[in-house]
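In what follows, a structure is listed as structure tokens, so that the remarks can point back to it.
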Amino acid sequence: MGIAISPQIHPQVADFIDKPRKMLINGKWQNAVSGKTFPTYNPATGEVLAQVAEGDRDDIDQAVRAARKAFDQGPWHRMTPSERGRLLWKLADLLEQHTEEFGYLESLDNGKPLAVAKAADVPLAVDLFRYMAGWATKIEGNTLPISVPYTPGAKYLAYTLREPVGVVGQIIPWNFPLLMAAWKLGPALATGCTVVLKPAEQTPLSALRLGELVQEAGFPDGVVNVVPGYGETAGAALAAHPDVDKIAFTGSTEVGKLIVHAAAGNLKKVSLELGGKSPNVVFKDADLDTAIPGSASAIFFNHGQCCCAGSRLYVERSVYERVIEGVAEEARKIKVGSGLEPDTQMGPLVSEEQLRRVCGYLEAGLSEGAQAVVGGQKAGSKGYFVEPTVLVNTNEKMKVVKEEIFGPVVTAMPFDNPEEILPRANDSEYGLAAAVWTRDISKAHQLAANLRAGTVWINCYNIFDAAMPFGGYKQSGWGREMGHDVLNLYTQTKAVCAKLA
Ligand code: ADP
């Protein structure tokens, strides 16, 4: 509907977006209680891609009730860890079989290049489900050698159990719609929680299709509920719901703070993966042949719409000109276009709102004295495209250096010595990621130890793996996604103490 379905579009995807999409509650696909729908747009054209049921408080309430019932009484509750693991593995297999289709859906709804969606988003999601499937059978407590000074001579068997936290509300963003759904669902299901997932209003389609695969894999009704809708309505209702035990959120720091307030009503547990303004530090002793394309990809991958984008580029002065010219040259080479065109390397931003926001930052930066070596403005007349941009003449007082732009815009600054760089790199309210490019391993590891960031990359950038925990220091969040760290977010410890006669 809305756009002419080009012959390029995968037939199953064309079918999927042709009908208004319903929400998944208690194993059934249903319309919103209000009957309302909302449009999701193709960011390459600005045209409506599909209509989607618009969840609100009543739908969230139904979904939470279904998740509660599935957690307290359903077959999920009685399943063995091994059976849970097998279901997760099956979901991974199904997703892998539909790589092509999910690549198209993601590219159409989010704008990212089809090749990137197929090479990164889908396989990373598949791998995350497999990694978490393995954990389902390995969530263990401890036995505790206790002493109890006031019961001399008594013997006890004390141990801990790690139990699922219960009903989890999960609110995800639009930059990696499928992958963020996987990061959230994987650990929740491995630990035995039940879920109400709210995808971003800009990109609800892949989570809805994933809901179909969840059913096909054989998860019991109510274990995974998917309720699309707007943040201020459906999202806020989920964050505040008194029968939700935990809320897991990925998105802006601003909304993260709203989530914390909303969660206070029943003191539900909260985990947050928020914004960033990550420093990317290139030393003069780096291998510039890898540092230059690496620094370009650090900011331009996913059109800069990554919470960990390397958006503050610091370069040691003696190689500054060379690195900036090199990164600018990489930017000039990027083929910007519709995600479905085979040679596209950078697609549109996700929405008109993001286009306005990024262009607003560009104007602010240029009016504060920054200069664009390359880019600096909107691209094309249709869709939400922005030119890959390198800004120089920037400093830490400028808005473009302090605030998260969430677009393909890097601010570059020189530095004179290694001692100067640490405080400058750490001078941010965020602390999500950082990178260091150098051949000096001592310098690299010393910086890695002192950078206030949840991830530090050395001589690489944007390397993700299901086994590597990801999350933020400072205002970049609470808790870690992925790795075995994430299991702590979805389990709680019970201490059991038995007196031995
Ligand atoms: P962005 O600004 O990049 O769109 P947001 O943080 O606004 O990122 O959105 C991330 C997710 O949070 C989306 O699913 C969105 O619907 C949701 N959201 C936005 N506002 C709220 C809110 N007040 N309460 C709960 N969820 C929200």
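The table for this structure:
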item: Residue-by-residue Karplus 3J(HN,Hα) for the stretch 12-17, coefficients 6.51, -1.76, 1.60, Hz, glycine and proline x; result: 5, 6, 4, 4, 4, 8
item: Residues of the stretch 471-501 with amide N under 14 Å of a point placed 7 Å along Cα→Cβ from Ser147; result: none
item: Modelled FRET efficiency - R0 22 Å, Glu163 with Val260, Cβ distances, 0.05 increments; result: 0.35
item: Scattering profile of the stretch 284-367 at q = 0.11 Å⁻¹ [log10 I(q)/I(0), Debye over alpha-carbon scatterers]; result: -0.36
item: Charge context of Leu185, other residues only, Cβ under 14 angstrom, K/R +1, D/E -1; result: +4
item: In Hz, Karplus ³J(HN,Hα) per residue of the stretch 464-479 (6.51, -1.76, 1.60; θ = phi - 60°; x = Gly, Pro); result: 10, 8, 4, 7, 9, x, 9, x, x, 7, 6, 7, 8, x, 10, x
item: 5 angstrom amide H check on Gly483, placed H, neighbours 5+ away; result: Ala467, Met468
item: Size of electric dipole in the stretch 209-348: Cβ of Lys, Arg +1 and of Asp, Glu -1, about Cα centre, debye, nearest 20; result: 440 debye
item: Pairs from Lys246/Lys399; Lys36/Lys269; Lys397/Lys474; Lys246/Lys499; Lys138/Lys277 whose Cα-Cα separation, in the structure shown, is over 29 Å; result: Lys246/Lys399; Lys36/Lys269; Lys246/Lys499; Lys138/Lys277
item: For the stretch 342-501, diffusion coefficient by Stokes-Einstein and Kirkwood Rh (Cα), 10 °C, 1.306 mPa s, µm²/s; result: 85 µm²/s
item: DSSP loop chymotrypsin sites (Phe, Trp or Tyr not before Pro) with at most 15 other Cβ within 10 Å excluded, longest remaining stretch of the chain; result: 231-501
item: Ratio of the Cα radius of gyration of the stretch 324-379 to 2.2 N^0.38 Å, where N counts its residues; result: 1.26
item: Dimensions (Å) - the chain, Cα atoms, principal axes, largest first; result: 76, 65, 38
item: Farthest toward positive dipole pole in the chain [+1 Lys/Arg, -1 Asp/Glu at C-beta], among Ser297, Pro75, Tyr104; result: Pro75
item: Translational diffusion of the stretch 246-405, µm² s⁻¹ [Kirkwood Rh, Cα pairs; Stokes-Einstein; 10 °C; 1.306 mPa s]; result: 93 µm²/s
item: For the stretch 60-184: span of alpha carbons on each principal axis (Å, largest first); result: 69, 32, 25
item: Built amide H within the under 5 Å cut-off of Asn280, gap 5+; result: Arg312, Leu313, Tyr314, Ala435
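Read-outs throughout are calculated quantities, based only on the coordinates presented, and are distinct from any laboratory measurement. Every value quoted in this text rests on a predicted model; they were computed, and no experiment measured them. Counting neighbours? That spans all protein chains shown, and the Cβs are built from the backbone with ideal geometry, glycine included.
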